[in-house]
Amino acid sequence: MDPTGAGSPTGEVSKGGFLTLWHVLAFGLLCRFGGLVVFGRTDFVDARHYREMGRELVASGQTDNFRYMPLYPLWTQLTGEGLTQQLADILLSLVLIWLIYQLVQVLFQDRRAALIAAIIAAMYPHFIFYAVVGLTETAFAVLLCAALLLLYRERYAAGAVLLVLAILVRPTLDPLAPVLIIVFACWVHRHSVNFAIGRLALYVLVYVVLMMPWWVHNYQAYGSFVRLSLGDGIVFYSGNNPMNRSGGGIHGVDVDMAAIDSENPDPVARNAAAHDAARAYIRDNPGRSVEMMGVKLVRFWRLWPYAAAYQGAATIIASLLSYGAVLALAVWFLIAHAKGRWRPLSPVLLFTAYLTLVHIVTIASIRYRFPIEPFLIAFAAVVLAAWSRRWPQLDRAAVRWLGS
C-alpha cells in the first residue's frame with residue numbers, strides 16, 4: 001500500500017546501495033553510548049519521581065504520586081533503574097530510528113530518503129540526550145510513531161493498542177487519539193463513515209480494557225473516578241498565572257502553588273482548583289493571555305534550549321546544526337514538496353498543530369516538542385534526497401552508498 005499514491009520518485013523499483021539500515025543502527029548505538037558517557041549521570045527531578053512512583057506501584061500496587069501516568073514508572077522497574085534502564089532506553093531510541101525509516105518508506109516510497117532520515121536520527125543530539133536521561137520522551141515517541149505506522153498500514157487494532165499505551169506514558173495524546181482513528185479511516189484510507197465508526201468502537205474497547213487497571217487504582221486512591229492523572233490542572237495554572245513571564249512551568253519561578261495546595265489537600269480538589277484559577281486568570285487577563293501564547297509559541301519552537309544550564313556555545317551550535325537545519329528543511333518540504341501529499345500527511349500535521357496548541361495554552365519547552373521531531377526529520381530527509389538527485393556527481397555517490 002502506498003498512501004501517498006505517488007510511488008517512488010523515479011517510478012522505478014528502488015535499488016539498495018552499500019549502506020544498510022543495520023549500519024545506521026550500529027552507528028546510532030555508538031552515538032548513544034557516547035551520550036551515555038557525556039549525559040549519563042544527569043538526574044532530572046522528573047526522572048527521580050518516575051523511579052519513586054515505579055517502586056511504589058511495584059511494592060504495593062498504589063502510589064501517592066498523582067501527577068504522572070503509570071507506564072514509564074513501571075518501565076523503570078522492569079528495566080532495573082540505573083544503567084540497565086538507560087540501556088533499555090537506548091534500545092528504544094534505536095527502535096525510534098527504525099520507525100522513522102519505516103515511516104518514510106510508507107509515506108514516500110523512497111529508500112534513499114528513508115536512509116537519510118535514519119542517519120539524521122542516529123546522530124541527532126536531542127535523540128541521543130533523551131535516550132540516556134531517564135525521561136518519558138523516547139518511550140512516548142516510539143509508541144506514537146509505531147501507532148501511526150500501523151495505522152498507515154491499516155492495522156487498526158494494533159494501532160489502537162499502541163495509542164493507548166502512549167497515553168499511559170503521557171496523557172497529552174488522549175483527546176487526539178480517537179480523532180486520529182477517524183482521520184486515518186475516512187481521510188487517509190478513504191473508507192466509509194460506517195467503517196470509521198467501527199474502528200472507533202474498536203479503539204474505545206481497547207481504551208477501556210487497557211485503562212481499566214489504572215482507573216481501579218485511581219478509584220482506590222482518591223475515592224472517585226479519575227480517568228488520567230491529576231497533573232493537568234497544575235500544568236494549566238503553571239502557564240496561566242500572574243507570575244509566569246517565560247512560558248515555562250518551573251515552580252517558584254513561573255508559578256507558586258502554595259495557596260492552592262494549602263487550601264486543597266485532596267489531590268482531586270487541588271487539580272480542579274488549579275483549573276478554575278487558570279480559567280479565571282485567562283478570563284480576567286485576556287490580552288496578557290494572548291501575549292503569553294505568543295511567548296510560549298516561540299519557546300516551544302525555539303532553536304536552542306531555554307534553560308541557563310544549556311546556553312553554552314557548543315550546545316547552541318549543536319542545536320542550530322541539528323534541529324535548526326532540520327526545521328528549515330522541513331518548512332521547505334511543506335512549501336516545495338508537500339503538494340499532492342496533504343491527505344497522507346494529514347495525521348502528522350494534525351498532531352503537530354495539536355501538540356503546539358496544547359503547549360501554547362499550558363506551558364512550553366523544547367522537551368515537549370520532542371514527539372514532533374521524528375516527523376520533521378522525515379520531511380527534511382525527503383528534501384535532501386530530492387536535492388541529491390539534481391546533481392549527477394552527487395547522485396552517483398548517493399546511489400553507491402544509499403541506493404536509487
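The values are calculated or read from the model by the stated rules, or taken from the named source; none is laboratory data. None of these values were measured; they are calculated from a predicted model. Glycine gets a Cβ as well: all are built from the backbone with ideal geometry, and neighbour counts include every protein chain shown. SASA here: full protein model, heavy atoms, side chains in, ligands and nucleic acids out. Shrake-Rupley method; radii C 1.70, N 1.55, O 1.52, S 1.80 Å.
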Simple label model, 7 Å out from Cα along Cβ direction - Asp256 to Ala338, nm: 4.3
Within segment 204-279, which chymotrypsin sites (Phe, Trp or Tyr not before Pro) sit in a loop by DSSP and count at most 11 neighbouring Cβ atoms inside 10 Å? Phe225
Compute the distance in nm between two label points, each set 7 Å from the Cα along the Cα-to-Cβ direction, one at Arg41 and one at Thr315. 1.7
Placing +1 on the Cβ of each Lys and Arg and -1 on the Cβ of each Asp and Glu in the chain, which of Ala380, Leu143, Met243 has its Cα farthest towards the positive end of the resulting dipole? Ala380
Calculating semi-axes √(5λ) of the Cα gyration tensor in Å from this structure picks out, from [x] 36, 24, 22; [y] 40, 24, 19; [z] 36, 29, 19, entry [x]
Where the Cα atoms of segment 177-331 are projected onto their three principal axes, how long is each span, largest first, in whole Å? 52, 50, 31
Set the Förster distance to 35 Å, then compute FRET efficiency between Arg389 and Trp22 from the Cβ-Cβ distance, nearest 0.05. 0.90
State the Cα centre-to-centre distance between segment 125-159 and segment 226-279 in whole Å. 28
Summing +1 for each Lys or Arg and -1 for each Asp or Glu, what net charge is found among the other residues whose Cβ lies under 13 Å from the Cβ of Ala166? -1
Taking springs between alpha-carbon atoms closer than 10 angstrom, which of Ile197, Ile116, Ile372 fluctuates most in the Gaussian network model of the chain? Ile197
Solvent-accessible area of Leu107, probe 1.4 Å, all protein chains present, reported in Å² to the nearest ten, please. 10
By average Cβ neighbour count within 10 Å, what is the ranking of 182-188, 159-165 from highest down? 159-165, 182-188
What is the dipole size for the chain, taken about its Cα centre, with +1 at each Lys and Arg Cβ and -1 at each Asp and Glu Cβ, in debye to the nearest 20? 1420
For the chain, with +1 on Lys and Arg beta carbons and -1 on Asp and Glu, the positive-most of Ala307, Thr20, Leu96 along the dipole: Thr20
Fraction of accessible area attributable to carbon and sulfur, the chain (%, probe 1.4 Å): 67
Could you check which residue among Ala381, Ala146, Ala259 shows the biggest mean-square fluctuation in a GNM of the chain with a 10 Å Cα cutoff? Ala259
Whole-number accessible area per residue in Å² for the chain, which is evaluated in the context of all protein chains at 1.4 Å: 44
Using distinct alpha-carbon pairs, which all enter the 1/r mean, Kirkwood radius of segment 152-266 in Å: 16.7
Charge dipole (debye, nearest 20) of segment 30-126; +1 at Cβ of Lys and Arg, -1 at Cβ of Asp and Glu: 300
If you keep only loop residues by DSSP, which trypsin sites (Lys or Arg not before Pro) in segment 176-281 have at most 15 other Cβ atoms within 10 Å of their Cβ? Arg190, Arg227, Arg245
Unit charges on C-beta of K, R, D, E only; dipole of segment 131-272, Debye: 680
